[in-house]
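Bear in mind these aren't lab numbers, they're just calculated from the coordinates by the rules spelled out. Nothing here was measured: the structure is a model prediction, and the numbers come from that model. As a convention, Cβ positions derive from the backbone with ideal geometry for all residues, glycine included, and neighbour counts pool all protein chains shown.
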Amino acid sequence: MPLITITRGIGCGGTTIARLVADGLKSELYDDQRLQEEAINMGIASKDLKSLDEKAPGLLSRLLSHKPQTYLDLLDAVVYEVARRGEGVILGHGAQFTLRDFGCALQVRIYASESSRIQHLMDQQGMSREAARKMIRKSDSERRGFLQFAFHMDWNNPSLYDVIINRDKLSTDSAARLIMEAAQSQEVKACSLTALDAMERLSLSKKVRAAIMKHSLNPLDFKVEVPEKGVVQITGSINPLESKDRLLEVVKSVPGVSDVRSEITVTRIHDI
């Protein structure tokens with residue numbers, strides 16, 4: 001079964017298309033709710049999930065409740081965890097960026113003109129034209145801000161996608177059929193086990209990084225690597241006011257960690 005990412009804006013019918021594709025391929029649809037369930041199953045606390053959406057962290061409120069890098073590490077960990085299975089339809093959440101270096105996923109962008117999207121919202125939700133226009137522009141701005149903040153990339157860059165579908169010309173059913181046909185090609189199906197293993201290890205490294213920052217531990221120039229399944233290697237330095245033992249306890253407590261190899265050194269404050 002194929003792994004597919006679908007990127008869309010509101011009013012493009014992308015959610016409906018994603019559901020049709022998942023149903024047609026008898027595959028799992030990973031929308032916001034399903035990804036949050038996956039995160040909880042991974043051992044991420046539900047209180048840490050409220051910002052796993054597609055909005056750039058607010059200048060004050062969101063940054064006060066979540067360190068930006070912690071937020072991104074949690075998001076990446078969930079996407080990698082899902083993607084390592086090699087199948088499913090991931091809707092949004094920057095998956096097209098997170099998985100851009102892996103050949104396993106069919107990257108799809110659903111496009112529609114603003115006038116078409118406005119009409120869609122007017123028809124589906126009974127909105128006025130002006131209200132629909134404002135909603136679309138606000139949503140696009142938030143998503144564009146999130147993707148720029150998280151990945152420093154433009155979601156309109158066509159090189160990010162394998163398939164771009166213009167909803168001004170294709171119906172919902174036609175779009176879904178086109179994606180399913182592309183997803184079942186031999187080129188897309190040929191996802192290597194090596195890539196899937198790499199995603200599993202990346203997912204664990206992101207969870208470890210998020211746990212370290214969540215507990216306000218601040219090792220200097222630290223690096224987290226997972227050379228093999230369940231084994232975490234952490235390098236860097238820490239000042240004497242923080243506990244190296246506490247740092248290792250936090251890493252060992254992350255679900256999926258079976259062994260920790262530490263090369264953390266204690267650095268005096270005036271040497272930093």
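Using the Cβ-Cβ distance between ARG19 and THR235 with R0 set to 45 Å, the FRET efficiency from 1/(1 + (r/R0)^6) comes to roughly 0.55.
As a calculated quantity, the FRET efficiency between GLN119 and ILE40 at R0 = 35 Å, using C-beta atoms, amounts to about 0.40. For the pair ALA182 and ILE164, label points projected 7 Å from Cα toward Cβ lie 1.1 nm apart. Ordering of 244-253, 91-100, 2-11 by packing is 2-11, 91-100, 244-253, highest average first (other Cβ atoms within 10 Å, averaged per residue). Computed across segment 77-142, the Kirkwood hydrodynamic radius from all distinct Cα-Cα pairs reaches 14.1 Å.
Taking segment 21-36 and a reference point 7 angstrom along Cα→Cβ of SER139, the backbone N atoms nearer than 16 Å belong to 31-33. Rounded to 0.05, the FRET efficiency of the ASN157 and ASP245 pair, given R0 = 45 Å and the Cβ-Cβ distance, is 0.50.
Hey, which of these cross-link pairs are over 32 Å Cα-Cα: LYS26/LYS207; LYS169/LYS207; LYS134/LYS206?
Table pairs above 32 Å Cα-Cα are LYS169/LYS207; LYS134/LYS206.
Among 152-164, 176-188, sorting by the average number of other beta carbon atoms lying within 10 angstrom of each residue, highest first, gives 176-188, 152-164.
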